[in-house]
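Accompanying notes for the structure given below.
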Amino acid sequence: MAEQIRSIPITPHVDDQIVWTNTSDGRFVTKSAWQLVRTGSTIQAVYRMIWSSIIPTTVSFFCWRLWQGLIPVDVVIQRWIGSHMASRCQCCLAIETIQHLFIDSPTADTVWRHFADIFYITLRPLEGFQYRFQTWRFSGQFVSTGHIRTIIPLLIL
């Protein structure tokens, strides 16, 4: 990315110009802003990824439940029953949370990094799964619903 920024030509004797990237001519119009707001919702984009016709329905339902925090891990069960209990991951000594099981645990981290390395995606430590979805979604040019980069994270989960 740094190389792309460095490759932008700088002309010192020319005034800077504001460019609106959501129109073909670079001029701002309210119609394009409305279109951006109407369709640009992160939640809507994630739901389009989750409920894509090429994703098996069982995977879609699982991912939706994960997104809603409805996977019955220790911390969620404690919240449901209103009681505290000992919580421990089956693989390590960490507290069993959705974040830990699907993103942070050593096993999950190994799987995520394996696929991220294949697609040259940089994963940040301690990012939530919602952010992880967005990292994959915006990891390349021309990535849209149904693109392999939007399917892999759903299948990893």
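What follows draws every value from the coordinates through simple rules; no lab data is involved. No experiment lies behind these values; they were computed from the predicted model shown. Counting neighbours? That spans all protein chains shown, and the Cβs are built from the backbone with ideal geometry, glycine included.
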task: For the chain, build the charge dipole from Cβ charges (+1 Lys, Arg; -1 Asp, Glu) around the Cα centre, then report which of SER60, THR122, GLY26 sits farthest towards its positive end.
output: SER60
Sum of -39500 (n - 2.57) over DSSP H runs of 4+, divided by residues of the chain (222 nm, nearest 500): -13500 deg cm²/dmol
Share of alpha-carbon pairs per 10 Å distance bin for the chain, given as whole %: 9, 28, 29, 19, 10, 4, 1
query: For HIS147, what charge total do you get from the other residues with a beta carbon under 15 Å from its beta carbon, if Lys and Arg give +1 and Asp and Glu give -1?
result: +3
message: If I stretch the segment between VAL76 and ASP15 completely, what's the gain in nm (0.36 nm per residue apart, minus their alpha carbon distance), one decimal?
response: 16.4 nm
